[in-house]
Each structure stands twice: as C-alpha cells, then as structure tokens.
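The values are calculated or read from the model by the stated rules, or taken from the named source; none is laboratory data. All figures in this text were calculated on a predicted structure; none of them were measured in a lab. Here the Cβ positions follow ideal geometry from the backbone for every residue, glycine too, while neighbour counts run over all protein chains shown. Surface areas here come from the heavy atoms of the whole protein model, side chains and all, with no ligands, DNA or RNA. Shrake-Rupley method; radii C 1.70, N 1.55, O 1.52, S 1.80 Å.
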Amino acid sequence: MARPKKYWPMVRTSRDEACLATRLFNDPAEVRSFEAFTVHMHLAWLYLLHAELTRDGRDFRYHRKDDPRRLVKVDGEPKLWELAQCVATRWPDPTNPIRLNIEFFIGIRNKIEHRFYAKDQQSLVVALGGYAQALLLNYEEELTSQFGPDQSLATRLQFPVFIGSFTDAGERALQRLQQSLPAALRKFVTEFHSGISNESLADPRFEFRLRVVNELAPKDPDALPLQFVKYHELSDEEREVIDELGRKGMVINRERRRDVVGHGLRRPKDVIGEVSEKIPFKFHQAHFVKAWKALKVRPENEDLHPEVTDEKYCIYDERHRDYGYKPAFIKKLIKECSTAEGFRSLIGSDPIDKTTGQLVEE
C-alpha cells in the first residue's frame, strides 16, 4: 500500500482549524468569537500554505545569514516561514486581493489579540464581518483548487441562523455596534485601506458583502432553502431595486469575480495613450520601449524565456505570444515621466513639451 503524502496531515489540520474558526465565529455564547476566528483562520491558512510548499518540494525553513548552510532554530526546531512570508511567496503581486485580505487579518490579529475585552467582540463582528467572509471563501477556493473538490468545507459548514437586520430593532442595534469599534482598530483599518486601490477595495476577495432578502415563495421540494442570485444576471429594473435595498441594509450582494483571461491588463497602445494623457511631454512607442527596457519589466523579444517578467508590471500571454501591462506599470511611468528630470533619467533623452512642441533641455 502506498504511503500517504506527508503534506496530507497538514491539509486535514488546516481544515479542522477553519471549521473551528467558523464554529466559534457563529457561536453566540462565545464571548471572544472574532478573536478566536482570527487566530484559528490564521493557523488554517498557515497550515494550508505549508502543505502546498511541502507538496511542491519547496524549502520553507529559515537559513542563517552568516552561514546559509545552517538553519535558524527556535527551541531546537527549524524556524519555518510565518504566514506573511508564505502569502508573499504564493501571491507575489502586492495588490492581489487575496493577499491583501490575508495581510489585513495578520494586522488585525496583531492588533486585537489579548488587547480588547469581550464587550468589543460584537462590534468587531459587525464592522469586519465582510472581510472575515472573504477570508473564509478565499480559503475554500484555495483549498479545493490545490487539493481537490472533495476537500471542500461545504458539507461541514452551514449558513448560520440569525436575526441581523430582518427587524428594525436588530438593524439599529447593529448600526450602534458598528459605530463602537475601538478607536485604535478604526485607525488601523483606515490606514490599511489608504494604501489600497479602489479596484482592490471593491473586490469581493478582499471584502465580501452579502445582501439577504427574506422571500415568501411556494415550497419546492427540489430547491435549496437559500438561493444565491447573480447580480449581473438581473435586469436593470431589478438591479435598481436591489441597489435601493442596499442603502438600508448593512451589506451588499455582489457576484464574485471570475477568472478572465487578460483581466485588467493593458496593450502597449493603451499604456502609451494613458501615459501621454497624464504627463506634460510627448510619449510615443519608442519611449514606451525604452521604458520597459530600463525598468526590466519583460525580456527582449528574442529571449528564450518570454514568461520571465516583473509580475508587478507585466505578464506574458502565451496564447497570443505578447505581453499585457498592469495599471501599476502605467502609474510608474506617469510618476517617473511627469518631470523633465525624471523623463530624462528613465527614457535617456530630453522630453518634448506637448503644448509648445519645444525640446525641454537641461
């Protein structure tokens, strides 16, 4: 009989931690429910990513800087990567919504663990519940995509029975709780959000919002008691009704973004157009080529490994054998080329003023 892979115990432990986190979050008798959820989901993600690294044969132990052949040890055991390092390795793009969501909870864990009393827990649940839901859904997606659909938590977790904003009194109580979030935590949330683009803030993988509508419908033996309606499949009139409902409730229903080939990527002419519009100088194809070469965002055309790009700025499209450029690359070019000195430093030539058509010399 073949031996089970050594990473499977990590997967099972990870699933157990995620289930425990959710049970504690949904337990009304648990006085520190949000703290418990945060700590156990932290462990669930850590074990899951360690399982992936183990499966892929990656060394995720820390080595000593003075002698890389030797390991850093804690209490006699090799020191392994913490969650932040695992996340940065799994999602190198710092703007990835999944990475942002996990990093948000790493910060939350550091802020709330052993610092706030039980009376603050419900305000945490109300104010940060959407982020918690996204954390769990992202975990489920990563778990099943990496280790198979039979690992899904769907058969072990149920939609909780709750009151929430189904009553006016419940709605007012939730609003009061949301406003009572501790000041230190409000500051952390505000500062964390300030460095994130609007696109990432609106992504349900960063914060998942759900709108629940109480429906009176005839009994259907084949239908599930909970129905999830896709926002993009509604008519314009139905969307208006839903949007109006969302102004009263505390949560919004939004279809989770699906993987789309090339989503958010720009073609060279799009990059040139957007940069040219934002800077005071002429910016054309030759400048664009000099820029990506100077910043080393992609290899030369004759390179044997076209896929080796700086993923923060550019991704190779194997199907079309060309490159897609990220908004971060456009922002970088605009920032560097907005002044004559910056333009000259990056492009290697004097800029031409768009208004006068004159060369801007030193």
One residue is enough: does region 268-276 have a residue meeting the conditions surrounded by fewer than 13 Cβ atoms within 10 Å (Cβ to Cβ) and among the hydrophobic types (A, V, I, L, M, F, W, C)?
no
Do you know which residues across region 42-63 are part of a loop (DSSP other than H, G, I, E, B) and among the aromatic types (F, W, Y)?
F60, Y62
Close pairs from region 281-299: first closer than 13 Å to D350 by Cα, partner open to solvent by less than 30 Å² (accessible area, probe 1.4 Å) and in a loop (DSSP other than H, G, I, E, B), Cβ under 9 Å, at least 6 apart
F281/P351; K282/P351; F283/P351; H287/P351
Within region 317-331, how many residues are assigned to a loop (DSSP other than H, G, I, E, B) and at negative phi?
4
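Please count how many residues of region 24-41 are assigned to a helix (DSSP H, G or I), free of Cβ contacts under 8 Å to residues at least 60 places away in the same chain and either among the charged types (D, E, K, R) or out of contact with any Ser or Thr (no Cβ under 8 Å at 6 or more places or on another chain) (or both).
Step one: list which residues in region 24-41 are assigned to a helix (DSSP H, G or I), which gives 24-25, 33-41.
Adding the requirement that they be free of Cβ contacts under 8 Å to residues at least 60 places away in the same chain leaves 24, 36, 40.
Filter once more, keeping what is either among the charged types (D, E, K, R) or out of contact with any Ser or Thr (no Cβ under 8 Å at 6 or more places or on another chain) (or both): 36, 40.
The total comes to 2.
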Please state which one of N96, N110 is exposed (fewer than 15 other Cβ atoms within 10 Å of the Cβ), among the polar types (S, T, N, Q) and either modelled with pLDDT under 90 or within 17 Å of G195 (Cβ to Cβ) (or both).
N110
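So which residues in region 3-43 are of a type in the set (A, V, I, L, M) and either under 19 Å from A127 (Cβ atoms) or surrounded by fewer than 22 Cβ atoms within 10 Å (Cβ to Cβ) (or both)? It would help to see each step written out before you state the result.
Taking region 3-43 as the starting set, the residues that turn out to be of a type in the set (A, V, I, L, M) are 10-11, 18, 20-21, 24, 29, 31, 36, 39, 41, 43.
M10, L20, A21, L24, A29, V31, A36, V39, M41, L43, listed by residue number.
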Restricted to region 124-159 and to residues being of a type in the set (D, E, K, R) and modelled with pLDDT under 90, the residue surrounded by the fewest Cβ atoms within 10 Å (Cβ to Cβ) is D150
For residues in region 293-305 being hydrophobic (A, V, I, L, M, F, W, C) and in contact with a helix residue (DSSP H, G or I) (Cβ under 8 Å, 6 or more places away or on another chain), which is surrounded by the fewest Cβ atoms within 10 Å (Cβ to Cβ)?
A294
Just need a number here: residues in region 1-23 that are touching a residue at least 24 places away in the same chain (Cβ under 8 Å), of a type in the set (D, E, K, R) and not in a helix (DSSP H, G or I).
2
Among L46, L80, the single one that is surrounded by 13 or more Cβ atoms within 10 Å (Cβ to Cβ) and either in contact with a Pro (Cβ under 7 Å, 6 or more places away or on another chain) or more than 21 Å from L135 (Cα to Cα) (or both) is L80
Residue within region 83-91 that is surrounded by 14 or more Cβ atoms within 10 Å (Cβ to Cβ), free of Cβ contacts under 8 Å to residues at least 60 places away in the same chain and touching a His at 6+ places or on another chain (Cβ under 8 Å) present:
yes
Please work out which residue is most open to solvent (accessible area, probe 1.4 Å), limiting yourself to region 306-344 and to residues that are under 23 Å from T89 (Cβ atoms), out of contact with any Ser or Thr (no Cβ under 9 Å at 6 or more places or on another chain) and touching a residue at least 40 places away in the same chain (Cβ under 8 Å).
E311
